[in-house]
Amino acid sequence: MLSPEVQRRIDRELAKYPADQRRSAVMSALAFAQDEHGWLSTDIMDAVARYIGMPPVAVYEVATFYTMYNLRPQGRFKVTICTNLPCALSGATEAAEHLKARLGIGFNETTPDGRFTLKEGECMGACGDAPVLIVNDRRMCSWMKIEKLDALVDELSQAAARGEGRPGHGSGGPAK
Amino acid sequence: MNAPSEFLNYGPDAILMVGLNGRNWRLADYVARGGYGALKKIIAEKIPPEQVVAEVKKSALRGRGGAGFPTGLKWSFMPKNYVGDKYIICNSDEGEPGTFKDRDILRYNPHMLFEGMAIGAYAMGATRGYNYVHGEIWAEYLRCEEAIEEAYAAGFLGANILGSDFSFHLYNHHGFGAYICGEETALLESIEGKRGMPRFKPPFPASYGVYGKPTTINNTETFAAVPWIMRNGGEAFLELGKPNNGGTKLFSVSGDVERPGNYEVNLGTPFTTLLEMAGGMRGGRKLKACIPGGSSAPVLPGDLMMATDLDYDSIAKAGSMLGSGAVICMDETRCMVRSLRRLSYFYYEESCGQCTPCREGTGWMWRMVDRIERGQGRNEDLDTLTSVAGNIAGRTICALGDAAAFPVISFIRHFRDEFQYHIDHKRCLVPAYV
């Protein structure tokens, strides 16, 4: 379930903690598994539990507590836009509406072609760059006015057409 | 990463964020700016740890994460004769709406943080440490990973630092989306690989912290100020600010200003000076309301804010908190009901669910503010809201309950007419577009 690459990355994290505290690496481990699979199925969470040596239920607790873990299949590109007050004062509401219109979906929805999932995010700690959004948990995009949003959607659509992005709908199991 | 190509300007008072251009974050650049000089001196001269703590106390450095607790005093709580590992942890889990200053330290000057942590470890006898980075800023986390490797390679971290018998092992830890982990004991739980649910105190982290070991947690900017203090003396730092409020502070200015961004000013600087640095209000409009210390701080009416100085004591006197130094400015076109609704939704969303008053109360507050905003408010709602908020504050394990209640109480206190207008007329008093 966990590829050699994911295992290598988890091992690197495990080395940061005392030998009897392997559980400290669970957050990174889940994030790395998500990088590869796109979302965390029960099978993947169980594999993380076995690899780290902790009860599966403790892994589920972590996966369901932190908001960036995907507990169901996502589009190839998950776009999370901050709509909190400081961002809203600098155009985030309009940016979010534009994304909804452009993609034809609302928050927590995925486009029928499986390319995009749109999420509403909370403070990303980058309010000076508002509007701010994050693509697939890792890539932060700043000052996302309408033109830049359109350019990003174009870029990601083309990438998705080439099969890039994360495995999403249909490749990871049924939606919950 | 959107690193600007020109020199970054944090203002004329800047001492921590000076000489930075967005690219000169590497160890060699930091050393060229005098970096790691304080750590070298402390180790070479075998300065007693108590003397380091005394210097930090003298500087009147107060916690930059929100609570403003005196740093030197916090450091002195660590047990001195403990046998086994002691930990120091940097809280870089910056997610208080309006706050984005620690991100600049992490990406533009990470070694300043690592030097500050190494000095802190020396002063408190800590052998291990973690820098807990906010889950949403992956690029900054990767930069910290790269920078920390440089520090190990140069002998500033690890075993027998600079050939001495002082060892300190520091690692970066990455979060994954939970505001509550900015609360120090929730952060400890998170490092242990658990849900970020705050612990009941006492015991305090200094006696029972991460893995049950003595632990001190400080904010990024707090640790980052330590090398300057040790290089220039606590007295010099104190003199930059005012008594009980030493040094400079990074303020994150957001909202309706011309140039949102981070500015470093001496504590005690008039708010109007900071507002000028941020280019003034957008479009020359008037400041209607200001949240001076991150979304959890009580909102202040604009005219009161315009007359306030930026230090812990002055802002407290004005009725709010300096908090994390996140200054959210709103102009006269902004609807206060709508603004509060967004903040209330945030606390409802981020409550960890452990304490009943917060778990249930944040939902109640959000639904009532939402109802008022949608023109379905009832006359008794404002008193009920105030009462619900009052029943959360002070009745929960951690401060998130207070943080959720303060905005509600203060928005209604200062802008009650606007809420009443929504209830009476089922529409907004201002042409809102928030």
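The values are calculated or read from the model by the stated rules, or taken from the named source; none is laboratory data. No experiment lies behind these values; they were computed from the predicted model shown. Neighbour counts run over all protein chains shown; Cβ positions are idealised from the backbone, glycine included. To get the accessible areas, we keep the full protein, side chains included, count just its heavy atoms, and leave off ligands, DNA and RNA. Shrake-Rupley method; radii C 1.70, N 1.55, O 1.52, S 1.80 Å.
Please compute one quarter of the surface area of the Cα convex hull for chain B and express it in square nanometres.
Dividing the Cα hull surface by four gives the mean projection, 19.5 nm².
What accessible area, summed over both chains, is buried at the B-A interface (1.4 Å probe, Å², nearest 100)?
4200
Using the alpha-carbon atoms, what tilt in degrees (0 to 90, nearest 10) does helix A:42-52 show relative to the longest principal axis of chain A?
50
Using a 1.4 Å probe and counting only protein heavy atoms, arrange B:W228, A:W143 so the residue with the most accessible area comes first.
So, going from the largest accessible area down, we get A:W143, B:W228.
Sort the range A:4-65 into rounded, prolate or oblate with this rule: let a ≥ b ≥ c be the square roots of the eigenvalues of the Cα gyration tensor; rounded if a/c is under 1.5, and if a/c is not under 1.5, prolate when a/b is larger than b/c, oblate otherwise.
In terms of gyration-tensor shape, oblate.
With viscosity set to 1.002 mPa s at 20 °C, what whole-number translational diffusion coefficient in µm²/s follows for the protein assembly as shown from Stokes-Einstein and a Kirkwood radius over Cα pairs?
For these conditions, the coefficient is 87 µm²/s.
What residues of the range B:121-154 lose no less than 10 Å² of accessible area with every protein chain in place versus their chain by itself (probe 1.4 Å, heavy atoms only)?
Residues shielded by partner chains are B:R128, B:Y130, B:H134, B:G135, B:E136, B:I137, B:W138, B:Y141, B:E145, B:E149.
What's the angle, to the nearest 10 degrees (0 to 90), between helix A:92-103's Cα axis and the longest principal axis of chain A?
Orientation of helix A:92-103: about 90 degrees from the principal axis.
Please work out whether the range B:226-375 counts as rounded, prolate or oblate from its C-alpha gyration tensor, where a ≥ b ≥ c are the square roots of the eigenvalues and a/c under 1.5 means rounded, while otherwise a/b larger than b/c means prolate and anything else oblate?
oblate
Helix B:220-232 versus the longest principal axis of chain B: what is the Cα-based angle in degrees, 0 to 90, to the nearest 10?
With both axes taken from Cα atoms, the answer is about 50 degrees.
Using a 1.4 Å probe on the protein heavy atoms, what percent of the accessible area of the protein assembly as shown belongs to carbon and sulfur?
Answer for the protein assembly as shown is 53 percent, counting heavy atoms of protein chains only.
Could you sort B:E140, B:E55, B:E258 by accessible area so the largest value comes first, with the probe set to 1.4 Å?
B:E258, B:E55, B:E140
Using a 10 Å cut-off around each Cβ of peptide A:118-124, what is the average number of partner chain Cβ atoms that fall inside?
The shielding value for this peptide is 6.
Measure up A:K78/B:K101; B:K242/B:K317; B:K46/B:K80; A:K145/B:K286 against 19 Å on the Cα-Cα distance and list the ones that go over.
From A:K78/B:K101; B:K242/B:K317; B:K46/B:K80; A:K145/B:K286, over 19 Å: A:K78/B:K101; A:K145/B:K286.
Quick one: Cα convex hull volume of the range A:49-176, Å³ per residue?
Looking at the range A:49-176, the number lands at 119 Å³ per residue.
I'd like to compare B:402-414, A:124-136: which one has the highest average count of other Cβ atoms within 10 Å, and what's the full order after that?
My ranking of the peptides, most packed first, is A:124-136, B:402-414.
Evaluate peptide A:65-76: per residue, the Cβ atoms of other protein chains within 10 Å of its Cβ; return the mean as an integer.
Across A:65-76, the average partner-chain Cβ count within 10 Å equals 3.
Need one number: nm distance between label points at B:L162 and B:N232, each 7 Å from Cα along Cα→Cβ, rounded to one decimal.
2.0
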